[in-house]
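Taken together, the values in this text are just the output of simple stated rules run on the coordinates, not laboratory data. All values derive from a computational prediction rather than experimental measurement. Positions of Cβ are backbone-derived with ideal geometry, glycine not excepted, and every protein chain shown enters the neighbour counts.
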Amino acid sequence: MEVMSPSPEPPFDPQPQGISLDELAEAFAQVMGVEPRQTAPAGEPSGAACVLPALATGDAPGLSTGETPVPPDENEDNCPISPHSILEAMLFVGSRDNRPLTPARAAELMRDVVADDIPPLVDELNRGYEVRGVPYRIVGEGDGYRLTLCPEFHQLRNRFYGRIREARLSQASVDVLALVAYQQPITSEKIGRLRGKPSSHILVHLVRRGLLRIERPDAKRRTPHYHTTDRFLKLFNLQSLEDLPRSEDAGPP
């Protein structure tokens, strides 16, 4: 697992080195004492190497665009308020928890717009971006959308942030991540019991890295339950948790 951090040294392109889906499944099998069963077809990769950025990844550009393709008159609004400009503004700002903007959430914050209206708005914005030649697009991620740099500008982003230095998740972190992935929702107490050692500090680390999130279904006791995030799915190139390699005895995630 790699983490990006800034450095004044010149940029370089590191070879991706990380944990694959098979390695995640193997870690879970070892903790649970079961045999993993691989589901990826022979000759095909079961998952992508995980690259975890610690810095902002350039998914929100430094500029946003208005709806009018020509300079407006002095008496006109430079950025007229419309469903297109509101959606673009929400994607530009992003959410506090770095989750993609879902159609339901976007429609909730807009007047006279329903969730089904959002995908056509996204398509129209992207067509406008392509015509104007801007360096970003709106891309689908999980069940939502994100404003992100076009691939050809990724190298520029890396040069801007500086050299990428490699850092790996410890085996203990991989074990905890595997337990959450296959057993969620799961509590810190149960993870510690399965591993035979306390795991709270590792859970805090994985939440901070955006790979895990916390829910508290019990309002009285407020016991935290851990789940994987959309970022976890993206890093492993998964559409859903159903795509995880399964063990015969592991049961559903």
- Message: Report the gain in length on full extension from Asn237 to Val204: 0.36 nm times residue separation, minus Cα-Cα distance, nm rounded to one decimal.
- Response: 9.5 nm
- Using 14 Å as the cut-off for backbone N distance, which residues of the stretch 141-158 belong to the label zone defined by a point 7 Å from the Cα of Asn126 along Cα→Cβ? 141-151
- Between Arg159 and Asp22, with labels modelled 7 Å along Cα→Cβ, what's the label distance in nm to one decimal, could you check? 3.7
- Query: How about the stretch 143-206: which chymotrypsin sites (Phe, Trp or Tyr not before Pro) there are in a DSSP loop, with at most 12 other Cβ atoms within 10 Å of their Cβ?
  - Reply: none
- Message: Below 8 Å between Cα atoms, with a sequence gap of 6+, how large is the relative contact order for the stretch 83-160 in percent?
- Response: 28
- Message: Along its three principal axes, how long is the stretch 83-160 when you only count alpha carbons? Whole Å, largest extent first please.
- Response: 41, 31, 19
